[in-house]
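Below: the structure, in C-alpha cells.
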Amino acid sequence: MSFDLSLDDAKLAVVGLGYVGLPLAVEFAKKYATIGFDIDGSRVDELRAGHDRTKEVSETALKASAKLELTNDNQRLSLANVFVITVPTPIDRNKRPDLGHLIAASQTVGRAIKPGSVVIYESTVYPGATEEECVPILEAVSGLKFNTDFFVGYSPERVNPGDRTNNITSIVKVTSGSTPEAAEIVDKLYSSIVTAGTFQANSIRVAEAAKAIENTQRDVNIALMNELAILFDRMGIDTEEVLNAAKTKWNFIGFTPGLVGGHCIGVDPYYLTHKARELDYHPEMILAGRRINDSMSSHVASTLVKAVLQRSGTISGKRVLIMGLTFKENCPDTRNSKVFDVVAELLSYGLTVDVYDPWVTEPQGLNEDVIKLEAMPKTGKYEAIVIAVGHKLFQDMGIDKIKSFGVAGVITYDLKHLFAKDQCDLRL
C-alpha cells in the first residue's frame, strides 16, 4: 500500500512512561489525541493522580493534558496509528546490550499495528538494531509486511533529567524513517512540537549512530579528565586550577573529571562497542575510556581511606557520610549512579557508611540493608564526609553546616567542586 498517513488523522501511543516517554506524551497531547501506555499499573495510577516520581512533569501539566489518556491496558493501543516506543535499553552485568524491554515493547506494538501504521523508536540502540532486531518482531507478531503495510522511524531521545532549560521542545530533534515518505511524516510530527527544529538523517542507521556517538564522545573526554586528575593528584597539583588556566585558550573544551553514571554516558558506549565486536573490530579508545571512568569509584574510595588512616591511624569504627546518591545533580534519578560503587568500596574496607540525599524520597530498588538513607544527618557523627553529587541544596546548605555533621577535624572530600579549594580537605 502507499504511504498516506496525514498528521490530521494521527492518533499517537507513547509506549513507556519514564523520563523520556512521559514528557513526550504530555507534549504530543497538546496537539494530538495521545495514549500514554506503561506496563506498570502503579506508575499509571500515580500519573492519573497527578504525581510523577521522576519530577519531570508537574501535577498541573499532567492534569491539564485533556487529550492524554494514561493506561496500562494494551488493548487501548489498537486505537492508535502512530506508535512511539521509549522503553529503557540498559546493559547487563557483562556490559552487553539488554534489549529485553525493547523486544517486549515491539511485541506489544506488533499486536496493535494495522495497515498504514508508523512505529517510531526513541530508545538508544546500536546502529542497525531497529531494522535488524525490532522490525522482524513487528512483522512476525502483526503478520504485516515492513515498508508495505507499516513503516518505521527512529528519533533518538535527548532527555537531560533535571534540566528545565534544555527540554524536548528546545533541543534539536534528529529524525529518520524507513522510506523517504515515512521519514518525511516522522520529521513533520516532531517538527510540530519541537520549536528548536529537527534534523532529518539520511537513514535510520545514521540516526542510531548519531545517538551512540553523542554520549561516547562525552565519555571519552571525561575519561581523559579523570586520568589527568589522578596524575595531577600524584603531582600535588590542583586539577581545577589547571583546567581554569587551560580554558583561557579559545579552543580548549571544558570537560571536568567526575563519576560517570546515569542512563546514557555510562551505557551508550557499550552499544557501540557491541556492534564493533560483531564486525571483528576492537574499539580501543572507547573501551579505554569506559575502563577509566568505571574505575573512578575505586579511586575515590581509596583516596578517602588513605586520608582517614593518615588522620586517625585506623579505619576501624569510623563512619562516613555520602552526600548525594543520584547520578547527577538536582534530580531523583539513581539509575546506574556510580555513588553506589563508592559506597560498596568503602564498605569493603570496613567503614560504616550513611547516605543523605533529599532528592531520593522514594528509594525504589535500593537495598536498604546496604544503602542507609538518612532523613537528615546528625551533628558530630562522621569521621569523613564525601560531597558526591552537586545538588543546589548542598551548595545552599554551605560548607560550615556540612562540616557540622562530622567530628572535630572531619575530612571533607568535594567531588563536585561545590566549594572553594581551601574549604575542603580533598577534591577530585
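The values are calculated or read from the model by the stated rules, or taken from the named source; none is laboratory data. Note that the coordinates shown come from a computational prediction; the quantities given were computed from them, not determined experimentally. For neighbour counting, all protein chains shown are included, and Cβ atoms are generated from backbone atoms with ideal geometry for every residue, glycine included. With ligands, DNA and RNA removed, areas are computed over all heavy atoms of the protein, side chains included. Shrake-Rupley method; radii C 1.70, N 1.55, O 1.52, S 1.80 Å.
Numbers at a glance
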quantity: Lone qualifier among T239, T256, T248 - being over 25 Å from N94 (Cα atoms), among the polar types (S, T, N, Q) and at pLDDT 95 or above; calculated: T248
quantity: The lone exception for G365 - which of (1) small (G, A, S); (2) surrounded by fewer than 22 Cβ atoms within 10 Å (Cβ to Cβ); (3) modelled with pLDDT of 90 or more it fails; calculated: (3)
quantity: Residue satisfying condition, being open to solvent by 30 Å² or more (accessible area, probe 1.4 Å), part of a helix (DSSP H, G or I) and under 25 Å from R427 (Cα atoms), within set E227, E214; calculated: E227
quantity: Only listed residue being without any contact (Cβ under 8 Å) to a residue 40 or more places away in the chain and in contact with a Pro (Cβ under 7 Å, 6 or more places away or on another chain), chosen from T273, T239, T248; calculated: T273
quantity: So V141, is it modelled with pLDDT of 95 or more and in contact with a strand residue (DSSP E or B) (Cβ under 8 Å, 6 or more places away or on another chain); calculated: no
quantity: Lone qualifier among N94, N160 - being within 18 Å of K173 (Cα to Cα), surrounded by fewer than 23 Cβ atoms within 10 Å (Cβ to Cβ) and either of a type in the set (G, A, S) or without any contact (Cβ under 8 Å) to a residue 24 or more places away in the chain (or both); calculated: N160
quantity: Residues of the stretch 260-282 satisfying the condition of being open to solvent by 20 Å² or more (accessible area, probe 1.4 Å), of a type outside the set (D, E), out of contact with any Asp or Glu (no Cβ under 8 Å at 6 or more places or on another chain) and not in a helix (DSSP H, G or I); calculated: L279, Y281, H282
quantity: Odd one out for E374 among (1) closer than 16 Å to L304 by Cα; (2) open to solvent by 20 Å² or more (accessible area, probe 1.4 Å); calculated: (1)
quantity: Residue ID - least open to solvent (accessible area, probe 1.4 Å), chosen from residues in the stretch 129-148 that are over 20 Å from D187 (Cα atoms) and assigned to a loop (DSSP other than H, G, I, E, B); calculated: L144
quantity: Test: R205 is of a type outside the set (A, V, I, L, M, F, W, C), over 25 Å from E132 (Cα atoms), in contact with a Phe, Trp or Tyr (Cβ under 9 Å, 6 or more places away or on another chain) and open to solvent by 50 Å² or more (accessible area, probe 1.4 Å); calculated: no
quantity: Hey, H299 modelled with pLDDT under 95, on the phi < 0 side of the Ramachandran plot and either among the aliphatic types (A, V, I, L, M) or open to solvent by less than 70 Å² (accessible area, probe 1.4 Å) (or both) or not; calculated: no
quantity: Sole exception among (1) hydrophobic (A, V, I, L, M, F, W, C); (2) part of a helix (DSSP H, G or I); (3) open to solvent by 20 Å² or more (accessible area, probe 1.4 Å); (4) farther than 30 Å from Y154 by Cβ for I222, by number; calculated: (4)
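Yes or no, residue by residue, for (1) under 29 Å from F232 (Cα atoms); (2) over 22 Å from the mean Cα position of the chain (by Cα); (3) of a type in the set (S, T, N, Q); (4) open to solvent by less than 20 Å² (accessible area, probe 1.4 Å):
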residue: K318; (1), (2), (3), (4): yes, yes, no, no
residue: M323; (1), (2), (3), (4): yes, no, no, yes
residue: D333; (1), (2), (3), (4): no, no, no, yes
residue: S337; (1), (2), (3), (4): yes, no, yes, yes
residue: F340; (1), (2), (3), (4): yes, no, no, no
residue: D357; (1), (2), (3), (4): no, no, no, yes
residue: G380; (1), (2), (3), (4): no, yes, no, no
residue: M397; (1), (2), (3), (4): no, yes, no, no
